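Some notes on the structure that comes next.
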Amino acid sequence: MKTYLVTGGAGFIGSNYIHYMFRKYDNDIRIINVDALTYAGNLENLKDLEIRDNYIFIRADITDKAAIEKIFSEYDIDRVVHFAAESHVDRSIKNPEVFVRTNVLGTAVMLNCARAAWEKPDGSYPEGKKFLHVSTDEVYGSLPDDGKSYFYETTPYQPHSPYSASKAGSDMLVKSYMDTYHFPANITNTSNNYGPYQFPEKLIPLLIHNALSGKELPVYGDGMNVRDWLYVDDHAKGIDMVQEQGRLFETYNIGGHNEKRNIEIVNLVIETLSEELDDSDPRKKNISKDLIRYVTDRKGHDRRYAIAPDKIKAEIGWEPETTFAEGIRKTIRWYLSHEEWMQHVTSGNYQKYYEDMYGDR
Ligand code: NAD
Ligand code: TYD
């Protein structure tokens, strides 16, 4: 039985990944989820897994070397899948330091502890020990709005936000470990994910939450920025395939040729919500394009992201399976049937966050 150490498993992608892995491997794997439970971490996302003997949650900060060393000494870890990060660009613009701390220092601690646990005296590593670093396409910077240029694994790094700069730093550390210590790792750089359990600071869940509450839908700048959207389960599958079938030391871009302008997303969320809600539902009367409000643009706002997934398709055979129309409907249905989840995550500090972020826009 393989033992996985998943960091950041209580967040959006991490919790979807853990669900995916148990659906796929059931009792053939054990997962240890290590998460500090910041504002973005939510154990409610994993409640249904608590009865499993092969799922263990440990609350720890990845920058806490002693805590991470202890986990590696207590468990014989075969795979690390490293999601834990500060992940929101707007927050990074307001408060960059914590991004450097978690994303750069935290990744260094994870690498160091894995290496210390795995490396043999001759500098080699036991067969099957693998570290996968989950990163973003934002490290590559911004593409021209031409609909035909793409991010490849060979595209030079040109991060613009403190978030993407800190992720670029973490990627470079992983690369340095591979080059210096022959450390058995992979890096995946992925486009914007969407799906269940995403915290409503990111565009799609924020739109759903606001529309259902009859609140304005803030569109940054001219609403014409382009993101390449990927359903989170397709990402989870890609991560697993890279770790099992990818070539060690390689980077793989994961994305699905699904470019949308932000304003298209806003319109689609409004239309889909209107279709999904019964006429008798009081929330339905609020939902219309009148809610759209163009607000001050994000500082340094990257214009366009678009991934070329050629390498992962050619080498591993991964392709996204969920169309955007299907994925957005599934996502909206999930949020409609998990109103309590949304209430919990938007109580308390969320109100303050929203006021800080949007109050003066
Ligand atoms: P998220 O913000 O939803 O979750 C992050 C998780 O990490 C939370 O559970 C949080 O509690 C935990 N965490 C934060 N700081 C920690 C620390 N110091 N120690 C331990 N745990 C800590 O993020 P997400 O959207 O699920 O993203 C996961 C990973 O995927 C990140 O590395 C992110 O850069 C990358 N990524 C995200 C997207 C996207 O669209 N969301 C796209 C590409 C790559
Ligand atoms: P986001 O979900 O924050 O992801 P990222 O910045 O990592 O791509 O934002 C997606 C796009 O939506 C981005 O171009 C910024 C824009 N956006 C808005 O227009 N309004 C909003 O309230 C938010 C959160 C984002």
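The values are calculated or read from the model by the stated rules, or taken from the named source; none is laboratory data. The shown structure was predicted, so the numbers you read here are calculated from the model rather than taken from an experiment. Neighbour counts are summed over all protein chains in view; Cβ atoms, including those assigned to glycine, are modelled from backbone coordinates with ideal geometry. Accessible surface is based on the protein model in full, side chains and every heavy atom, while ligands, DNA and RNA are left aside. Shrake-Rupley method; radii C 1.70, N 1.55, O 1.52, S 1.80 Å.
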*Restricting attention to the range 235-255, and to residues there that are open to solvent by 10 Å² or more (accessible area, probe 1.4 Å) and of a type outside the set (D, E), which single residue is nearest to the chain's Cα centre (by Cα)?*
K237
*Residue identified as open to solvent by 30 Å² or more (accessible area, probe 1.4 Å), within 16 Å of ligand 2 (Cβ to nearest atom) and without any contact (Cβ under 8 Å) to a residue 40 or more places away in the chain among E275, E264, E271*: E264
*Near pairs, Cβ below 8 angstrom, 6+ apart or cross-chain, from the range 4-24 (within 17 Å of I58 (Cβ to Cβ) and free of Cβ contacts under 8 Å to residues at least 60 places away in the same chain) to any residue that is crowded, with 23+ Cβ neighbours inside 10 Å and acidic (D, E)*: A10/D35
_Output for the range 277-300, where each listed residue is over 19 Å from N193 (Cβ atoms) and touching a strand residue (DSSP E or B) at 6+ places or on another chain (Cβ under 7 Å)_ = L291, I292, R293, Y294, V295, D297
*Can you name every residue in the range 292-311 that is surrounded by 15 or more Cβ atoms within 10 Å (Cβ to Cβ) and more than 11 Å from ligand 2 (Cβ to nearest atom)?*
A306, I307, A308, P309, K311
*Go through the range 248-266 residue by residue and tally those that are outside any loop (DSSP other than H, G, I, E, B), under 23 Å from D234 (Cβ atoms) and of a type outside the set (D, E).*
9
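Suppose we keep only residues that are of a type in the set (S, T, Y) and within 11 Å of ligand 1 (Cβ to nearest atom) within the range 73-117. Which one would you say is most open to solvent (accessible area, probe 1.4 Å)?
From the range 73-117, those of a type in the set (S, T, Y) are 73, 75, 87, 92, 102, 107; that's our starting set.
From the residues that got through so far, the ones that are within 11 Å of ligand 1 (Cβ to nearest atom) too are 87, 92, 102, 107.
Values: S87: 45, S92: 0, T102: 24, T107: 2 Å².
Among those residues, the one meeting the criterion is S87.
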*Regarding F183, is this residue among the aromatic types (F, W, Y), buried (at least 19 other Cβ atoms within 10 Å of the Cβ) and more than 21 Å from G238 (Cβ to Cβ)?*
yes
*Close pairs from the range 151-163: first closer than 14 Å to S191 by Cβ and more than 14 Å from ligand 1 (Cβ to nearest atom), partner open to solvent by less than 50 Å² (accessible area, probe 1.4 Å) and outside any loop (DSSP other than H, G, I, E, B), Cβ under 8 Å, at least 6 apart*: Y152/N253; Y152/K311; E153/N189; E153/T251; E153/Y252; E153/N253; E153/K311; T155/Y140
